[in-house]
Amino acid sequence: MAPKRIIKGSDSASVILPSSLYLGPCSSASSPSFLNSNSINNVLSIGITPSPKVDGVTYHRLGLKDAIRSSVKTTIESAVKTIEDALKSNKGRGRILVHCSAGVSRSPTIVVAYLMKHRNMSLRTALGHVVRIRPQVSPNPGFIEQLKDMEMELYKVSTLIDVDELPRREVDRIALFNQVDKPDESTTMDLPGETQALETG
C-alpha cells in the first residue's frame, strides 16, 4: 500500500507525484506558506476560484460542476495540457497544485485522467494511487464512468469494469483497491511502463 502523504500545515493538500503534482482543497490554493514552502509555481482551479491569490504563482481556472451529468471530456483535455505544461516550466522543475472545493471529486478526476494519459497508468492504478494517498477522494459516478470511457479510448481495456461508484467509507475505498490489486484478479493486467511511471513520478 502506498503511504498516505498529507502535507502538515498545508490545509490538507496531498502529494500525488513527489516534487511535481499536488492535490487539495481550495484553501490550499490561497496558502502562501504551503505554496512557497513547496515551490509550487502553478495552481489549477477546477470549478472554483481561490481568494485571495498568492503573488508569484500562476493561476489557471477551468469550469466544471460536480454533477453526475457533467461532461468532463473538454475539461480533461485542457487540464492535462495545463498540468503537463506547468511541470515542464522552470526548466522542467515546475510544480502544480490541482484543486476544487474540497479535493474530493472534481480535481481528483482531473488528476487521475492526467496520470492515465501522461503517466501511462490504467484507471485502476491511477485511481488506486490517488485514493491511497488521499482516502477522502471519491469522484461522482458520472465522472467514474467517463474515466472508464477514457481508459477504453486510450488502452482498449477496462480495469474497473465492476465499479460504478466508490464506497462511502474511506477504509472501504482503500480496501477496494487492495482487493482489485490482488494478482489473481482479472482486472490486474498492468499497462506497459505503468510501474515505472509510479516510481519516477
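Laboratory data are not the source of any read-out in this text; all were calculated from the coordinates shown. Note that this is a predicted model, so its numbers are computed, not measured. Using ideal geometry, Cβ is built from the backbone for each residue, glycine included, and neighbour counts are taken over all protein chains shown.
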(request) Looking at segment 3-115, send over the antiparallel percent of its DSSP beta bridges, to the nearest 5. (result) 25 percent
(request) Go through Lys65/Lys88; Lys65/Lys148; Lys53/Lys117; Lys81/Lys156; Lys91/Lys148; Lys65/Lys117 and tell me which ones have a Cα-Cα distance over 24 Å in this structure. (result) Lys65/Lys88; Lys53/Lys117; Lys91/Lys148
(request) Rank these for me by crowding, His60, His118, His99, His129, going from fewest to most other beta carbons within 10 Å. (result) His118, His60, His129, His99
(request) Hey, can you grab everything whose amide H is under 5 Å from the amide H of Thr58? Only 5+ residues off in sequence or another chain; H modelled, so Pro and N-termini drop out. (result) Asn42, Val43
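Shape call for segment 14-182 from the C-alpha gyration tensor, a ≥ b ≥ c root eigenvalues: rounded (a/c under 1.5), prolate (a/b greater than b/c) or oblate?
Working: a/c = 1.66, a/b = 1.59, b/c = 1.04.
In terms of gyration-tensor shape, prolate.
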(message) Can you compute the FRET efficiency between Glu145 and Glu77 using 1/(1 + (r/R0)^6), with r the Cβ-Cβ distance and R0 = 22 Å? Round to the nearest 0.05.
(response) 0.80
(message) Could you tell me the center-to-center distance, by alpha carbons, between segment 42-88 and segment 15-38 in angstrom?
(response) 14 Å
(request) Subtract the Cα-Cα distance of Val157 and Lys53 from 0.36 nm times their separation in residues, and report this length gain in nm to one decimal. (result) 33.4 nm
